[in-house]
Structure formats: C-alpha cells, structure tokens
1. If we keep just the residues of segment 4-47 that are part of a loop (DSSP other than H, G, I, E, B) and touching a strand residue (DSSP E or B) at 6+ places or on another chain (Cβ under 6 Å), which is surrounded by the most Cβ atoms within 10 Å (Cβ to Cβ)?
2. Among the residues of segment 11-29, which ones are touching a Ser or Thr at 6+ places or on another chain (Cβ under 7 Å) and among the hydroxyl-bearing types (Ser, Thr, Tyr)?
3. Is it true that Asn69 is of a type in the set (S, T, N, Q) and farther than 19 Å from Met1 by Cα?
Amino acid sequence: MKTIYIAVPYASNPKRGIELSIKYGQMVAKQGDVPICPVLLFDPIFTCEDLCEKTHREFILKCCIELLNKCDEVWFIKVNGELSKGQKSEWDCVMFCQMPFDIIEEA
C-alpha cells in the first residue's frame, strides 16, 4: 500500500480544487492506496481570506511540502495544461528528492 499525495491547483478556484481532490483521492483509494489530499485537510481549517494572506499561504505550503516528503508518490493534476504556483513549489520538491510522480491532465 502506497501513500499518494494529490497536488491540485487551489487558490484560483477553491471549489474546483476540492472537487479534484475528492475525485482523485477516491481513485487512489479504489486502487488500494492511501490518498493524501492537502486541500481537503487545510480547506476546513483556513478561510479563503487566510489563504490569500502571504503568511498563512507560506505556512500551508510548508505543511504541504512536509506531507509530500512522507509520501511514496505524487500525482500532479494539471488544469488547462498548467501547474499552479503552489504546484510548482511541490514540483520543485519532487524533482529535488527524485520522487516518483504522475501528471494527469484535467480539462
């Protein structure tokens, strides 16, 4: 059983980020692995206003990187062919640590 971190864009469209986290989290669980969905963890704790504040955003990103480092694999969900600013930070970590990853294109 692997732990798979689900990296989705969030700040530009929180509702869509939650939907994608649920969709791919369920997919991971159905294949018998453990989904790690930081959006579903942090969205109920911080408001959108908190996430827009630089201090909160940096703290949450540090938490995400900490979680990511404990996972076996990372799935990047790209929307409209691009990674978000937060996903780019996660990408840098994955590249530095040479972690297994997958990129999934979402319309």
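The numbers here are math on the coordinates, done by the rules we state, and not lab data. Please read all numbers here as calculations on a predicted model, not as lab measurements. Cβ atoms come from the backbone with ideal geometry, glycine included; neighbour counts cover every protein chain shown.
1. Our first condition is that a residue be part of a loop (DSSP other than H, G, I, E, B); within segment 4-47, this holds for 8-13, 31-33, 37, 43-47.
Next cut, touching a strand residue (DSSP E or B) at 6+ places or on another chain (Cβ under 6 Å) only: 8-9, 33, 37.
On the way: Val8: 29, Pro9: 23, Asp33: 16, Cys37: 23.
Among those that are part of a loop (DSSP other than H, G, I, E, B) and touching a strand residue (DSSP E or B) at 6+ places or on another chain (Cβ under 6 Å), it is Val8.
2. If we filter segment 11-29 for residues that are touching a Ser or Thr at 6+ places or on another chain (Cβ under 7 Å), which is where we start, we get 11-12.
Selection gives Ser12 alone.
3. Numbers: of a type in the set (S, T, N, Q): yes; farther than 19 Å from Met1 by Cα: no.
No, not satisfied.
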